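The values are calculated or read from the model by the stated rules, or taken from the named source; none is laboratory data. Nothing here was measured: the structure is a model prediction, and the numbers come from that model. Quick reminder, even Gly has a Cβ in these numbers, built from the backbone with ideal geometry, and neighbours come from all protein chains shown. Note: areas computed on protein heavy atoms with side chains; ligands, DNA, RNA excluded. Shrake-Rupley method; radii C 1.70, N 1.55, O 1.52, S 1.80 Å.
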Amino acid sequence: GFSIVFLFGEYSNARQAIGDEATSVGTAFDEILLFPDDAPEVQHALICYATTVVDDEWDAMADGGSAPEVDQAYKDVILSLGDVEEPADGTFQPAAATNTFVQVGDISTARETRLVAAEVHTTLWGLIFGGGALVIGILFVASGRASPLAQATLIGLATAFTTVMIVIVFALSSPFAEGAGRLTP
């Protein structure tokens with residue numbers, strides 16, 4: 001039960017991070033328009049980042065990893081922001097510039113949340129299988145004096161319950177793999 005609660009939280013965090021990341025990319029894309037001379041370069045970098053996440057990192061996350069291409073795309077976004085200058089016509093808005101930088105920082109935070117959710121929890125799997133085997137073994141020993149039908153029923157129900165829990169944990173532990181109920185870019 002603890003594993004399911006833990007993994008459901010991870011799944012929810014990953015889903016929230018996907019939305020936060022997309023929103024931050026879109027907001028930064030729009031806000032950079034306040035800097036007309038630099039907007040095309042920054043917008044291009046943001047588009048490349050978003051495209052790289054979908055094309056390269058999604059498959060890598062299904063395997064529990066990340067894509068170095070996305071690291072480079074994010075660096076390109078940062079470098080493109082480094083070249084942004086105050087508009088010559090005096091319409092500089094410091095709050096908008098600050099918010100643009102905050103949005104880019106939020107992109108990084110959301111990505112990190114996604115990557116953490118994509119990690120394979122091998123210790124958790126060991127606990128689940130070990131715990132399931134322990135429970136079934138204890139039930140087998142504890143019901144040793146019961147009739148064979150009662151013992152088979154008890155162990156069969158425990159095995160079915162453990163199997164269902166393992167299937168649920170499997171579904172929640174790989175939110176980026178292909179299939180029904182999985183997260184999509």
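Couple of notes before you dig in:
- Simple point charges give the picture: +1 on the Cβ of Lys and Arg, -1 on the Cβ of Asp and Glu, and for the range 30-136 a dipole about the Cα centre of about 700 debye.
- Above 31 Å, the calculated P(r) of the chain contains 40 percent of its Cα-Cα pairs.
- Highest-first arrangement of 66-74, 153-161, where packing means the average Cβ count within 10 Å: 66-74, 153-161
- Cα-based helix-to-principal-axis angle, 68-82 vs the chain, degrees rounded to 10: 30
- Top positive-direction residue, dipole computed over the range 61-163 with Cβ charges, set V104, A67, I138: I138
- Extension gain (nm, one decimal) between V54 and D37, 0.36 nm per residue minus Cα-Cα: 3.3 nm
- T98 versus A160: modelled label distance in nm, points set 7 Å from Cα along the beta carbon direction: 6.1
- The range 1-35 and the range 39-68: distance between their alpha carbon centers, rounded to Å: 14
- Net charge dipole size for the chain [Lys, Arg +1 and Asp, Glu -1 on Cβ; Debye, nearest 20]: 1900
- Pairwise FRET efficiency - A180 versus E112, Cβ, R0 = 25 Å, nearest 0.05: 0.40
- Mean projected area (nm²) of the alpha-carbon convex hull when the range 103-185 is viewed from all directions: 7.1
- Signed unit charges on C-beta, dipole axis of the chain, positive-most listed residue G1, A177, I18: G1
- Heavy atoms of L149 accessible to a 1.4 Å probe, total area in Å² rounded to 10: 130
- Placing +1 on the Cβ of every Lys and Arg and -1 on the Cβ of every Asp and Glu, with no other charges, gives the range 1-77 a dipole of roughly 360 debye about its Cα centre.
- Share of pairwise Cα-Cα distances greater than 18 Å in the range 25-83 is 35 percent (whole percent).
- When the Gaussian network model of the chain links Cα atoms closer than 10 Å, the mean-square fluctuations of E112, E21, E85 top out at E85.
- Modelled label reach - D83, point 7 Å along Cα→Cβ, the range 45-60 residues with backbone N closer than 12 Å: 45
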